[in-house]
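Trainee: The structure follows.
The values are calculated or read from the model by the stated rules, or taken from the named source; none is laboratory data. Keep in mind that what you see is a predicted model, and the values were worked out from it rather than measured. Glycine also receives a Cβ, built like all others from the backbone with ideal geometry; neighbour counts cover every protein chain displayed. In case anyone asks, the SASA skips ligands and DNA or RNA and just uses the protein heavy atoms, side chains included. Shrake-Rupley method; radii C 1.70, N 1.55, O 1.52, S 1.80 Å.
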Amino acid sequence: MRDMLAKNINRYRKERRLTQEGLAHKLGVTFQAVSKWETGQTMPDIALLPELSRLLDVSIDKLFGYSSTGKPISIYEEEYKTPEYYWGTEPNAACYQVLEMIPPTKRVRLLDIGCGEGKDAVFFARNGYEVTAFDISDAGIEKTKRLADHIGVHVNVFKADISDYRLDSEFDVLYSSGVLHYIRPEYREEIFANYKKFTSAEGLHCLNVFVQKPFIAPPPEDEPYAYDWKSGELMMHYHDWLIHSCPEVIFDCNSSGIPHRHAMSKLIAQKA
């Protein structure tokens, strides 16, 4: 928690174009105090948190990395509130690739980044992985818990915004499907550096991201918090890892009830 708070104070201070001295002056503390907060040596006094939150223009929860701004980041919140599973309950084909490459013959800690309604997270838990998962959607989190309970497995699932959440403990596998387009371009380098840092030796990342193509029309869903990715961009974040595969595929989709197509880059990379 302390490391997360330190990183977020530093990040949001810079976004507000405040120096440590400038923030310290507004809070009535020394710049050394702000410096120690940002290096994780100390934490702000609890009485300062409301004013610190106001000056950095974020909620206290967001400072600690626990939640989003409260804006409707996910267009699927309402869809997930229905009894049916919007994406079904069958796992993504990439789950079987993870199962083949790093089978849970020993303890394997897996993080599902943006788990949606939990079909992939529950698949991994059912097959013996120690699964942690997060999503921005409250309804998605509840359906993940419900599916896990129905199958009789445990998934440690919680709410977080992919743009705000940073790892502070190691995982053996990081998995994410259909979510990385929510990361703002200016945060990508830092976020992937964090993901790689907190991956165990010989750990695996299995990820995909939608990419833009001039010959494919934009999807019918209006996603105001989605950001474009280019072909090859995901792979470049892993130039120093062993890349097992990085195909680009085009596929048909009918998720919104309107037939359309997507282009997607897929990646399986290993920390060598």
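Trainee: Taking the condition aromatic (Phe, Trp, Tyr) and either assigned to a strand (DSSP E or B) or open to solvent by less than 10 Å² (accessible area, probe 1.4 Å) (or both), does residue 251 pass?
Mentor: When the stated conditions are applied, residue 251 passes them.
Trainee: Still on this model: Under 6 Å between Cβ atoms, which residue pairs at least 6 apart in sequence (or on different chains) link something in segment 186-207 that is closer than 29 Å to residue 12 by Cβ with a partner that is open to solvent by 10 Å² or more (accessible area, probe 1.4 Å) and basic (Lys, Arg)?
Mentor: 199/271
Trainee: Determine, yes or no, whether residue 122 is open to solvent by less than 10 Å² (accessible area, probe 1.4 Å), out of contact with any helix residue (DSSP H, G or I) (no Cβ under 8 Å at 6 or more places or on another chain) and at pLDDT 95 or above. Walk me through how you get there before you give the answer.
Mentor: Numbers: open to solvent by less than 10 Å² (accessible area, probe 1.4 Å): yes; out of contact with any helix residue (DSSP H, G or I) (no Cβ under 8 Å at 6 or more places or on another chain): no; at pLDDT 95 or above: yes.
Against the criterion (open to solvent by less than 10 Å² (accessible area, probe 1.4 Å), out of contact with any helix residue (DSSP H, G or I) (no Cβ under 8 Å at 6 or more places or on another chain) and at pLDDT 95 or above), residue 122 does not qualify.
Trainee: Please enumerate the residues belonging to segment 189-203 that are assigned to a strand (DSSP E or B) and either open to solvent by 10 Å² or more (accessible area, probe 1.4 Å) or more than 24 Å from residue 4 (Cβ to Cβ) (or both). Before the answer, list the steps.
Mentor: Here is the first cut: in segment 189-203, the ones assigned to a strand (DSSP E or B) are 199-203.
200, 201, 202, listed by residue number.
Trainee: Taking the stated definitions as given, is residue 190 acidic (Asp, Glu), under 13 Å from the mean Cα position of the chain (by Cα) and either over 19 Å from residue 135 (Cα atoms) or modelled with pLDDT under 95 (or both)? Can you show your working first?
Mentor: Values: acidic (Asp, Glu): yes; under 13 Å from the mean Cα position of the chain (by Cα): yes; either over 19 Å from residue 135 (Cα atoms) or modelled with pLDDT under 95 (or both): yes.
Yes.
Trainee: Just checking, how many residues over segment 28-48 are hydrophobic (A, V, I, L, M, F, W, C) and either outside any helix (DSSP H, G or I) or crowded, with 17+ Cβ neighbours inside 10 Å (or both)?
Mentor: Initially, segment 28-48 is screened for residues hydrophobic (A, V, I, L, M, F, W, C), giving 29, 31, 33-34, 37, 43, 46-48.
Adding the requirement that they be either outside any helix (DSSP H, G or I) or crowded, with 17+ Cβ neighbours inside 10 Å (or both) leaves 29, 33-34, 37, 43.
Going through segment 28-48 one residue at a time, the tally reaches 5.
Trainee: Taking segment 95-122 on its own, how many of its residues are among the acidic types (Asp, Glu) and closer than 20 Å to residue 198 by Cα? Spell out how you get there, then give the answer.
Mentor: If we filter segment 95-122 for residues that are among the acidic types (Asp, Glu), which is where we start, we get 100, 112, 117, 120.
Still in the running and closer than 20 Å to residue 198 by Cα: 112.
Number satisfying all stated conditions: 1.
Trainee: Out of segment 111-145, which residues are within 14 Å of the chain's Cα centre (by Cα) and under 13 Å from residue 173 (Cα atoms)?
Mentor: 111, 112, 113, 121, 132, 133 - these are the residues of segment 111-145 that are within 14 Å of the chain's Cα centre (by Cα) and under 13 Å from residue 173 (Cα atoms).
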